[in-house]
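The values are calculated or read from the model by the stated rules, or taken from the named source; none is laboratory data. Because the structure is a prediction, the values reported are computed rather than measured. As a convention, Cβ positions derive from the backbone with ideal geometry for all residues, glycine included, and neighbour counts pool all protein chains shown.
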Amino acid sequence: MIQRFDVGTRMSEMAVHNGVCYLAGQVAVEGEPDIEGQTREVLANIDALLARAGTDKSKILRAQIFLADIADFPGMNHAWDAWVSPNHAPPRATVQAVLAKPQWKVEIVVTAAL
C-alpha cells in the first residue's frame, strides 16, 4: 500500500511505501532572504513531514540538495551542519540548479526509512 500526504493535482508532499518515506523537494515558503534562513526553514519542513510519517532525520537514507547559486554552499552547510543528527549524516549530493521560483535559494529532497 502507498500512503500519500498532502495530495494535490500535480504532486504529493510525501509518500510512504514499504518502510520508506519519500519527500517532495522542500523549499522556503516564508521567503527568508538569506541562504541560512531558507535552509533552516526547509530543514524544519523536513522535520515536520518526517514526524508525520513516524520517522526522523536520523533515519534519512539520502539527501539531494539543489542550490540556485553554488556560492551559497558554505551558508547552506552552516545550517545543515547545525541540524544533521550526530553520527547519522546521510549520503548527500549538492548541485547548482535553476529553481522554479527566483526567490528560492535552496531545495532539498530526502528519502528516509521508517
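Take Ala113 and decide whether it is surrounded by fewer than 18 Cβ atoms within 10 Å (Cβ to Cβ) and in contact with a Lys or Arg (Cβ under 8 Å, 6 or more places away or on another chain). Let's see the steps before the verdict.
Details: surrounded by fewer than 18 Cβ atoms within 10 Å (Cβ to Cβ): yes; in contact with a Lys or Arg (Cβ under 8 Å, 6 or more places away or on another chain): yes.
Yes: the conditions hold for Ala113.
Consider Ala28 carefully, then state whether it is surrounded by fewer than 20 Cβ atoms within 10 Å (Cβ to Cβ) and either within 18 Å of Phe73 (Cβ to Cβ) or modelled with pLDDT of 95 or more (or both). Lay out the reasoning, then the answer.
Working: surrounded by fewer than 20 Cβ atoms within 10 Å (Cβ to Cβ): no; either within 18 Å of Phe73 (Cβ to Cβ) or modelled with pLDDT of 95 or more (or both): yes.
Answer is no for this residue.
Among the residues of the stretch 32-55, those that are farther than 16 Å from Glu13 by Cα and either charged (D, E, K, R) or crowded, with 19+ Cβ neighbours inside 10 Å (or both) comprise Glu32, Asp34, Ile35, Glu36, Gln38, Thr39, Arg40.
Taking (1) within 20 Å of Asn87 (Cα to Cα); (2) within 10 Å of the chain's Cα centre (by Cα) in turn, Leu49 satisfies each apart from (1).
You will find that of Asn77, Asn87, the residue that is exposed (fewer than 12 other Cβ atoms within 10 Å of the Cβ) and without any contact (Cβ under 8 Å) to a residue 24 or more places away in the chain is Asn87 and no other.
Within the stretch 71-91, the set of residues being in a helix (DSSP H, G or I) and over 12 Å from Val106 (Cα atoms) comprises Pro74, His78, Asp81, Ala82, Trp83. Apart from one condition, Gln64 fits all of (1) assigned to a strand (DSSP E or B); (2) more than 11 Å from the chain's Cα centre (by Cα); (3) surrounded by 14 or more Cβ atoms within 10 Å (Cβ to Cβ); the exception is (2).
For the stretch 1-55, please list each of the strands (runs of 3 or more DSSP E) lying entirely inside it that holds at least 3 residues being out of contact with any Lys or Arg (no Cβ under 9 Å at 6 or more places or on another chain) and touching a residue at least 60 places away in the same chain (Cβ under 8 Å). Talk me through it step by step, then tell me what you get.
Working: elements: 2-7, 12-17, 20-23.
Where strands (runs of 3 or more DSSP E) fall fully within the stretch 1-55 and carry at least 3 residues being out of contact with any Lys or Arg (no Cβ under 9 Å at 6 or more places or on another chain) and touching a residue at least 60 places away in the same chain (Cβ under 8 Å), they are 20-23.
Annotation note: Cβ proximity below 6 Å between a residue of the stretch 57-72 that is over 17 Å from Lys101 (Cβ atoms) and among the polar types (S, T, N, Q) and a residue that is modelled with pLDDT under 95 and surrounded by fewer than 19 Cβ atoms within 10 Å (Cβ to Cβ) (sequence gap 6+ or interchain) occurs for Ser58/Ser85.
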